[in-house]
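This report refers to the structure that appears directly beneath it.
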Amino acid sequence: MTLPDAPRINPSILSADFVNMQRDLERISGADLVHVDVMDNHFVPNLTFGPQMVERVQATSPLPLDVHLMISDADRWAPGYAEIGAASVTFHLEAAREPVALARRLRQIGARAGVAVKPDTPVEGMFEHLDEFDQILVMTVEPGFGGQSFRTDMMPKLRALKNEAARRGSEVWLQVDGGISLDTIAQAAEAGADTFVAGSAVFGAADIDQRIGQLRALAARHSHGADSLDS
């Protein structure tokens, strides 16, 4: 499977109409991947999708799935989502006993292996393991619910990851999730993010295709190291 180049816009179906899921999946066909938030009401105080629902989304989605597991005991459950056929499976560092071994297992099955960190989790301990992961997700809100405000205090964490990845020659994707909108995506891109999860900013737009294009253009213009269009 050939995955899109950066910047990538991954709409979160947490903001979709669950009764008309297939319709809403078709409405975001101009995006890059479909972000699927799996919550277990244990690791986070919310309950969303399980394996059966994700399998149905996988069967009907026009885009590859970017599954974000906000669940306990990721070592046990994450491989099952790779086996369903998700292109990318991201588990939380805080919920994995052996994150490197789990990432290797996901890759062995055929998925890209991602690891996510909550706002209070430092990232410096991950530097020596960057090449074990295909994606690092920096949460810009506390995980669990959509519609929260973007946390600008997470930008130094993104910059640190971007700088370390550049120093090591790593091609790891840097994803942000939480409060991404037309007003905030430039900050995240400038800090080093290349993959952006947007929920209400996409599904709440009158013209979804146009909104995806606007978000992608803003991210491209402000991407880490990009030349200003005004120069």
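The values are calculated or read from the model by the stated rules, or taken from the named source; none is laboratory data. In this text the structure is predicted, and so the values were computed from the model without any measurement. Note that each Cβ is placed from the backbone with ideal geometry, even for glycine, and that neighbours are counted across all protein chains shown.
Run down ALA96, ALA31 and say which single residue is small (Gly, Ala, Ser), at pLDDT 95 or above and over 25 Å from ASP5 (Cα atoms). From the options ALA96, ALA31, the qualifying one is ALA96. Exactly one residue among ASP40, ASP66 is in contact (Cβ under 8 Å) with a residue 24 or more places away in the chain, farther than 27 Å from ARG211 by Cβ and out of contact with any Lys or Arg (no Cβ under 6 Å at 6 or more places or on another chain), and that residue is ASP40.
Take the residues in region 160-180 that are among the charged types (D, E, K, R) and surrounded by 14 or more Cβ atoms within 10 Å (Cβ to Cβ); name whichever of them is farthest from GLU128 (Cα to Cα).
Here is the first cut: in region 160-180, the ones among the charged types (D, E, K, R) are 162, 164, 167-168, 171, 177.
From what's left, surrounded by 14 or more Cβ atoms within 10 Å (Cβ to Cβ): 162, 164, 177.
Values: LYS162: 13, GLU164: 9, ASP177: 23 Å.
Of everything passing the filter in region 160-180, ASP177 is farthest from GLU128 (Cα to Cα).
Looking across region 100-132, the residues that are in a helix (DSSP H, G or I) and in contact with a strand residue (DSSP E or B) (Cβ under 6 Å, 6 or more places away or on another chain) come down to ALA103, LEU106, ARG107.
Within the option set ASN41, ASN10, ASN20, being out of contact with any helix residue (DSSP H, G or I) (no Cβ under 6 Å at 6 or more places or on another chain), of a type in the set (S, T, N, Q) and surrounded by 15 or more Cβ atoms within 10 Å (Cβ to Cβ) holds for one residue only, ASN10.
There is no residue in region 133-148 that is over 18 Å from the mean Cα position of the chain (by Cα) and surrounded by fewer than 18 Cβ atoms within 10 Å (Cβ to Cβ). With respect to ALA59, is the statement that it is buried (at least 18 other Cβ atoms within 10 Å of the Cβ) and hydrophobic (A, V, I, L, M, F, W, C) true? No; evaluated as a whole, the condition is false for this residue. Residues in region 69-96 that are assigned to a loop (DSSP other than H, G, I, E, B) and more than 15 Å from HIS129 (Cβ to Cβ): ILE71, SER72, ASP73, GLY85, ALA86, ALA87. Residues in region 114-126 that are exposed (fewer than 15 other Cβ atoms within 10 Å of the Cβ) and closer than 13 Å to ASN163 by Cα: GLU124 only.
Of all residues in region 204-231 being part of a loop (DSSP other than H, G, I, E, B) and surrounded by 16 or more Cβ atoms within 10 Å (Cβ to Cβ), which is modelled with the lowest pLDDT? Give the steps one after another, and end with the answer.
First, pick out the residues of region 204-231 that are part of a loop (DSSP other than H, G, I, E, B): 204-207, 222-231.
Now narrow it down to the ones that are surrounded by 16 or more Cβ atoms within 10 Å (Cβ to Cβ): 205, 222-224.
Values: ALA205: 97, HIS222: 96, SER223: 91, HIS224: 68.
The extreme case among them is HIS224.
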